[in-house]
1. Counting only residues that are surrounded by fewer than 16 Cβ atoms within 10 Å (Cβ to Cβ), closer than 15 Å to E100 by Cβ and not aromatic (F, W, Y), how many does segment 53-73 have?
2. State which residue pairs qualify: first residue within 18 Å of W28 (Cβ to Cβ) and inside segment 88-105, second residue among the basic types (K, R) and at pLDDT 90 or above in any location, beta carbons under 9 Å apart, and separation of 6 or more residues or different chains.
3. Please determine, by comparing only the residues of segment 90-102 that are in contact with a strand residue (DSSP E or B) (Cβ under 8 Å, 6 or more places away or on another chain) and modelled with pLDDT under 90, which one is farthest from F60 (Cα to Cα).
4. Is it the case, given these coordinates, that G106 is under 19 Å from the mean Cα position of the chain (by Cα) and at positive phi?
5. Limited to segment 55-107, what total is found for residues that are outside any strand (DSSP E or B) and either of a type outside the set (D, E) or closer than 24 Å to A44 by Cβ (or both)?
6. Could you tell me which residue of segment 1-29 is nearest to W97 (Cα to Cα), considering only residues that are β-branched (V, I, T) and within 22 Å of the chain's Cα centre (by Cα)?
7. Before we move on, is V84 β-branched (V, I, T), free of Cβ contacts under 8 Å to residues at least 40 places away in the same chain, surrounded by 13 or more Cβ atoms within 10 Å (Cβ to Cβ) and within 19 Å of H32 (Cβ to Cβ)?
8. Out of the residues in segment 87-102 that are in contact with a helix residue (DSSP H, G or I) (Cβ under 8 Å, 6 or more places away or on another chain) and of a type in the set (K, R), state the one that is surrounded by the fewest Cβ atoms within 10 Å (Cβ to Cβ).
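The values are calculated or read from the model by the stated rules, or taken from the named source; none is laboratory data. From a predicted model like this one, the values you see are computed outputs, not experimental measurements. Please note: Cβ atoms are built from the backbone with ideal geometry, for glycine as well, and neighbour counts cover all protein chains shown.
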Amino acid sequence: MTQRRHPLLQTAAATLAVIVTIGAWTAWGRMHAAGLLSAAGVGAAKGHYVLTLTFAPEGFHVTRLQAIGRLIEVHGADVFLMDVDPVALRDAATAYWIKEVRPWPGR
């Protein structure tokens, strides 16, 4: 005779798996952003930056990036932004599709 597990145990295990997955994804995003921003030397004041994506941006990506600064132009996978708030840049840099952040002198 086999012993059956309590249904709440399976629910609890599935919930724990989802929580661990979300926590790992969030931690990775924060580490990813910290690495990108430290390499770019992002300070406390607004600045101008070039964000290189892992692919050419589509409408969704452009809309997300317009929310953090003035989008000036897009060349291939490079997006040129001015007047970017560093807190907003940190939040945006958690996205897996942002490959590099570089300072840009602007126009």
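1. 2
2. The qualifying pairs are A92/R64; A95/R64.
3. Across segment 90-102, the extreme among qualifying residues is A93.
4. Numbers: under 19 Å from the mean Cα position of the chain (by Cα): no; at positive phi: yes.
The answer is no for G106.
5. Initially, segment 55-107 is screened for residues outside any strand (DSSP E or B), giving 55-69, 76-77, 85-97, 104-107.
Pick out the ones that are also either of a type outside the set (D, E) or closer than 24 Å to A44 by Cβ (or both) and you get 55-57, 59-69, 76-77, 85-97, 104-107.
Within segment 55-107, residues that are outside any strand (DSSP E or B) and either of a type outside the set (D, E) or closer than 24 Å to A44 by Cβ (or both) number 33.
6. The first filter runs over segment 1-29 and keeps only residues β-branched (V, I, T), leaving 2, 11, 15, 18-22, 26.
Next, only the ones that are within 22 Å of the chain's Cα centre (by Cα) stay: 18-22, 26.
Working: V18: 22, I19: 23, V20: 22, T21: 19, I22: 18, T26: 14 Å.
For segment 1-29, the residue satisfying everything is T26.
7. On the way: β-branched (V, I, T): yes; free of Cβ contacts under 8 Å to residues at least 40 places away in the same chain: yes; surrounded by 13 or more Cβ atoms within 10 Å (Cβ to Cβ): yes; within 19 Å of H32 (Cβ to Cβ): yes.
Judged against the criteria, V84 is a match.
8. Looking at the filtered set, the residue picked out is R102.
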